[in-house]
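Report on the following structure.
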Amino acid sequence: MDQKEQDTNLDTFPKLLASHVKLRPTQDAIREKDLGIWQSWTWAEAAAEIRALACGLATLGLKRGDKLAIIGDNRPRLYWGMTAAQALGAVPVPLYQDAVADEMAYVLDNADVKIALVEDQEQVDKMLEVRDRCPNVEHVIFDDTRGLRHYEQEFLHDFETVQQAGVAYDHDHSDFYDREVATGKGSDVSIMLYTSGTTGNPKGVVLSNDNVIITARNGIIRENLTSKEEVLAYLPMAWVGDNLFSYAQSYVAGFCVSCPEDATTAASDLREIGPTYYFAPPRVYENMLTQVMIRMEDAAEIKRKLFNYFMEHARKVGVRILNREPVSLKDSLLYKLGDVLVYGPLKDVLGLRRTRLAYTAGEAIGPEIFDFYRSLGINIKQLYGQTECMVFICVQPDGEVYADTVGTPAIDVEIKIDDNGEIIYRSPGVFREYYKNPESTASTKTEDGWVHTGDAGFFDEHNGHLKIIDRAKDVGKLNDGTLFAPKYIENKLKFFSFVKEAVLFGDGRDYSTAFINIDLDAVGNWAERRNLAYSGYIDLANLEEVYQLIKDCVDKVNKDLSEDSRLANSQIRRFLILHKELDADDGELTRTRKVRRSFVGDRYDTLVESLYSDKTECHVETQVTFEDGRTGSLAADVQIRDAEVFKVNSVNQEAAA
Amino acid sequence: MNQQSSPETILAVENISLSFGVMKVLDSISFDIRRGEIRSIIGPNGAGKSSMLNVINGFYHPQEGSITFKGETRKQMAPHVAANHGIARTFQNIALFKGMSTLDNIMTGRNLKMKTNLFWQALHIGPARVEELENREAAEKIIDFLGIQAIRKKPVGKLPYGLQKRVELGRALAAEPELLLLDEPMAGMNSEEKEDMCRFVLDVNSEFGTTIALIEHDMGVVMDLSDRVLVLDYGKQLADGVPDEVRNNQDVIDAYLGVPHEH
């Protein structure tokens, strides 16, 4: 049997698992840091755990087509839960673990979840809270027993007890598991992933085994990934990216996945694992860079000078060296020296020294941030993707990486720009449907399989790469007819480390205005070094000096915008610094931390109106939700400032392009 | 509140009186602590709460009265006796080794569990090595329990106050105490930190069955956590009973609570 034929027979995850047990039984499949030590399971050991769990789930009544909810941080047992469900022909439905009980109730009910596999007491408590509203959930299985000793509900089960029941069942019905696995087909539903939903209720994206496995394999082929990769699974399991990088591609290529000890230790665990293949949304790269810069500001002078000198050199030649473009011998030697003294140690601290391929997606990444990593020699690339096609739509090819494009279509992906400027695509990864939502399915996916992305974009004439401007529905117009692309401007603001979030307003208005969220770490550190006293976020956000600092950022963005004649009139005229951090618990961000612009606009309508008046201050009172679900109210006087507006500079336009 | 407290008394003090010169700090105090319960001591500043804990773990020696711990009656405790017999405590003012890491601070709490001598430990071979591994594992379990993995190797002096308090609890737990004395574990914390600490106190009590004596000023916390509450005022015993009794006791209201709690 040749490789290709063998691959087509491996059309489900349990079958892939069995093949790794044959091919590489003693190689590590998954790792987890526990009690300060990395514990690992080989493919053979993982397969035994999964078999026991699958049989145990069967004894609890999980059958073909049933749904298994999976809720918790990245844990081997939760990943095994996915494969175990798939072995029985059931469908895993991972949920965002930090969602409050109400949000979970919607998904549990909408997805017809029969059994929930959860991490710990925190999640069990949420299950108990929503139990009345979700009578379809028959059993809850928990991984970590801590604090659960005195819970006596009969539908609660310890993970190990379920596995023991499974082992006993397997013993009496030894052909059960293999028969169930053999019954599975590529066209079966593999997984249901709920999209976080920038608008309305989340929708369950139904993906088949073929969707997931073919897409994962295409990604592996394009980037030459092998069974020797190391990855860290630290992003939410409910997110399609984690499912692709930490689950699907691991099963297809056979590489090992490591789970951090705790969400708070991910950075140091990253360093210990030293991943070769790494994925992070832009904000993670931003945070890393901010931390580095804060620490360098506090470093001894000689170190700071060394760092600045070599980073300057890296900015000059680093990207060209990574792209294998020719550079002078002197530059090349100086870069090598810099690698020994600065770049290498820095990459080591970041945990990216061995990284061969790093992806970023989900949001635009700041060109400075992007170039910072690339100049260090880290091959970070942007990709463009969606849950609806198991991630891959476009990927930047090696050597053709530009900060403002998302690259060329991934393998087997066709892309068109429709008449409205919206990007549409077709691929083997295209989802089957939104679960129990035929209207949404019909409005997103055409009968011949083309999917509407909702993003506006175009192909760059010079290099043929796809460029994304904004969400198609968000691109608006100012009253004078100027194109208003809010996200484009927000991203420019967010590229400053002092700005954590920005929310732009302007569609159907006379001019653009902005809400700014400062970055507490970066601005706090900045303030401390200037001996500015502040008692907390609200106080800091209201400091005159901070306003001046942010005004400088806004002015720079305006200067930038003034150089593009299409966007020059959308310069920010007035802005304010918001008195609280935008928070997913208050509905201001999605769970993937994207700003819900219209929601924020409605919630703070008094502030928006003040921006379009000549007031310089506005009193605002806001309901806030604390982490434990209680609510309170927050009052503040928010100042409003004018920003500098630059004349349209059409001379520079050529140079900028 | 917990289900485990049994009628068995782990500690009883009888007619304890303590004076420093003419200052009478404790005046004929008698109470008991049952195995497995959470027992709170409340009272205004200077009521003698911390002194009472100091008497229990042998740091202060009372002039009168007796202490019965696990069936053995003594005139007074000595610190090493208390520690060896399973009493551990945390302090009102954090008493950690600021320059040492979280892990090392917790390991110092294992000191009494280490049997090998300095010589073997320095060589790090044979029994000393086995012992160190066992103790490290115990320390790691506490780190996991308290959710402080991220600060395992950070010097505690650099940690925020709330986390230092948590590390201090960790060090006390490392001794695997039967009776844990907590002196204002939530003082100076914000409401989120307090909530976490309450969770830990309840979890320590229910997971390990540890008996807890708690000094705390936050009445909400005391009334929610405690099985029984002892009230002191200027060295005198004002009341003793379950939270509801104490809450409705007129003397206590006058001296301390002010207005009755609405629940």
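The values are calculated or read from the model by the stated rules, or taken from the named source; none is laboratory data. Since the structure is predicted, the reported quantities are computational estimates derived from the model, not experimental observations. We place every Cβ from the backbone using ideal geometry, glycine too, and count neighbours over all the protein chains shown. Note: areas computed on protein heavy atoms with side chains; ligands, DNA, RNA excluded. Shrake-Rupley method; radii C 1.70, N 1.55, O 1.52, S 1.80 Å.
Scanning region A:580-624 for residues that are open to solvent by 40 Å² or more (accessible area, probe 1.4 Å) and either in the same structural domain as A:Glu122 (by TED's automatic domain parsing) or in a strand (DSSP E or B) (or both) yields a count of 4.
Going by the structure shown, is A:Ser246 closer than 25 Å to A:Ala99 by Cβ and either touching a Cys at 6+ places or on another chain (Cβ under 9 Å) or of a type in the set (S, T, N, Q) (or both)? Here the answer is yes, as A:Ser246 does meet what is asked.
Do you know which of the residues in region A:511-537 that are in a strand (DSSP E or B) and within 28 Å of the chain's Cα centre (by Cα) is farthest from A:Ser497 (Cα to Cα)? Here the answer is A:Thr513.
If the condition is being buried (at least 24 other Cβ atoms within 10 Å of the Cβ) and hydrophobic (A, V, I, L, M, F, W, C), then region A:63-83 contributes A:Leu68, A:Ala69, A:Ile70, A:Ile71, A:Trp80, A:Met82. Reported count of residues in region B:98-121, each being open to solvent by less than 80 Å² (accessible area, probe 1.4 Å), over 23 Å from A:Glu261 (Cα atoms) and not in a loop (DSSP other than H, G, I, E, B), is 3. Quick one: would you say A:Gly429 is in contact with a Lys or Arg (Cβ under 6 Å, 6 or more places away or on another chain), within 30 Å of A:Asp109 (Cα to Cα) and part of a loop (DSSP other than H, G, I, E, B)? No. Here A:His452 meets each of (1) assigned to a strand (DSSP E or B); (2) at pLDDT below 85 with one exception, condition (2). Going by the structure shown, is A:Glu261 within 14 Å of chain B (Cβ to nearest Cβ), over 30 Å from A:Phe496 (Cβ atoms) and of a type in the set (Asp, Glu)? Yes; evaluated as a whole, the condition is true for this residue.
Taking the stated definitions as given, is B:Lys153 open to solvent by 40 Å² or more (accessible area, probe 1.4 Å), within 14 Å of chain A (Cβ to nearest Cβ) and either touching a strand residue (DSSP E or B) at 6+ places or on another chain (Cβ under 7 Å) or more than 22 Å from B:Arg39 (Cβ to Cβ) (or both)?
Working: open to solvent by 40 Å² or more (accessible area, probe 1.4 Å): yes; within 14 Å of chain A (Cβ to nearest Cβ): yes; either touching a strand residue (DSSP E or B) at 6+ places or on another chain (Cβ under 7 Å) or more than 22 Å from B:Arg39 (Cβ to Cβ) (or both): yes.
Spelling it out, B:Lys153 is indeed open to solvent by 40 Å² or more (accessible area, probe 1.4 Å), within 14 Å of chain A (Cβ to nearest Cβ) and either touching a strand residue (DSSP E or B) at 6+ places or on another chain (Cβ under 7 Å) or more than 22 Å from B:Arg39 (Cβ to Cβ) (or both).
Residue under question is B:Lys141, and the condition is that it be farther than 17 Å from B:Ala174 by Cα and either within 11 Å of chain A (Cβ to nearest Cβ) or touching a residue at least 12 places away in the same chain (Cβ under 8 Å) (or both); does it hold? In short, no.
Look at region A:552-569 and say how many of its residues are closer than 22 Å to A:Glu297 by Cα and either surrounded by 17 or more Cβ atoms within 10 Å (Cβ to Cβ) or among the polar types (S, T, N, Q) (or both). First the steps, then the outcome.
Applying the first criterion (closer than 22 Å to A:Glu297 by Cα) to region A:552-569 yields A:552-553.
Going one step further and asking which of them are either surrounded by 17 or more Cβ atoms within 10 Å (Cβ to Cβ) or among the polar types (S, T, N, Q) (or both), we end up with A:553.
Count: 1.
When A:Ala364 is tested against (1) open to solvent by 20 Å² or more (accessible area, probe 1.4 Å); (2) within 22 Å of A:Met311 (Cα to Cα), only condition (2) is not met. If we scan region A:241-251, do we find a residue that is in contact with a His (Cβ under 8 Å, 6 or more places away or on another chain) and either within 14 Å of chain B (Cβ to nearest Cβ) or buried (at least 21 other Cβ atoms within 10 Å of the Cβ) (or both)? Yes, there is a match, as at least one residue in region A:241-251 is in contact with a His (Cβ under 8 Å, 6 or more places away or on another chain) and either within 14 Å of chain B (Cβ to nearest Cβ) or buried (at least 21 other Cβ atoms within 10 Å of the Cβ) (or both).
Of all residue pairs spaced 6 or more apart or on separate chains, those with beta-carbon atoms under 7 Å, a first member in region A:325-344 that is free of Cβ contacts under 8 Å to residues at least 60 places away in the same chain and a second member that is open to solvent by 40 Å² or more (accessible area, probe 1.4 Å) and part of a loop (DSSP other than H, G, I, E, B) are A:Gly344/A:Arg353.
Screening A:Leu561, A:Leu589, A:Leu607, A:Leu567 for residues that are in contact with a Leu (Cβ under 8 Å, 6 or more places away or on another chain) and modelled with pLDDT of 90 or more leaves exactly one candidate, A:Leu607.
Taking the criterion of being open to solvent by 20 Å² or more (accessible area, probe 1.4 Å), farther than 30 Å from A:Ala111 by Cβ and in a loop (DSSP other than H, G, I, E, B), the only residue of region A:228-240 that qualifies is A:Lys228. Residues of region A:538-569 that are within 18 Å of A:Asp637 (Cα to Cα) and not in a helix (DSSP H, G or I): A:Asn542, A:Leu543. Put simply, of A:Gly399, A:Gly385 the only residue that is open to solvent by 10 Å² or more (accessible area, probe 1.4 Å) and on the phi > 0 side of the Ramachandran plot is A:Gly399.
Of the residues making up region A:213-260, those that are outside the structural domain of A:Gly72 (by TED's automatic domain parsing) and of a type in the set (Asp, Glu) are A:Glu223, A:Glu229, A:Glu230. For region A:493-503, check the following and say yes or no: at least one residue is within 30 Å of A:Asp398 (Cα to Cα), open to solvent by less than 40 Å² (accessible area, probe 1.4 Å) and outside the structural domain of A:Gly362 (by TED's automatic domain parsing). Yes. What residue, of A:Phe392, A:Phe370, is part of a helix (DSSP H, G or I), in contact with a strand residue (DSSP E or B) (Cβ under 8 Å, 6 or more places away or on another chain) and surrounded by 15 or more Cβ atoms within 10 Å (Cβ to Cβ)? Checking each option against the conditions leaves just A:Phe370. Residues in region B:131-146 that are open to solvent by less than 40 Å² (accessible area, probe 1.4 Å), out of contact with any Phe, Trp or Tyr (no Cβ under 7 Å at 6 or more places or on another chain) and of a type outside the set (Val, Ile, Thr): 6 in all.
Looking across region B:167-190, not a single residue is within 14 Å of chain A (Cβ to nearest Cβ), within 19 Å of A:Arg146 (Cβ to Cβ) and surrounded by fewer than 23 Cβ atoms within 10 Å (Cβ to Cβ).
In region A:87-96, is there at least one residue being within 18 Å of A:Tyr435 (Cβ to Cβ), aromatic (Phe, Trp, Tyr) and under 26 Å from the mean Cα position of the chain (by Cα)? Yes; the residues of region A:87-96 include at least one that is within 18 Å of A:Tyr435 (Cβ to Cβ), aromatic (Phe, Trp, Tyr) and under 26 Å from the mean Cα position of the chain (by Cα).
Evaluate the following for A:Ser174: is it without any contact (Cβ under 8 Å) to a residue 40 or more places away in the chain, hydroxyl-bearing (Ser, Thr, Tyr) and over 25 Å from A:Leu95 (Cα atoms)?
Working: without any contact (Cβ under 8 Å) to a residue 40 or more places away in the chain: yes; hydroxyl-bearing (Ser, Thr, Tyr): yes; over 25 Å from A:Leu95 (Cα atoms): yes.
Answer is yes for this residue.
Only one entry of A:Arg295, A:Arg271, A:Arg324 meets the criterion of being open to solvent by 20 Å² or more (accessible area, probe 1.4 Å) and away from chain B (no Cβ under 14 Å), and that entry is A:Arg324.
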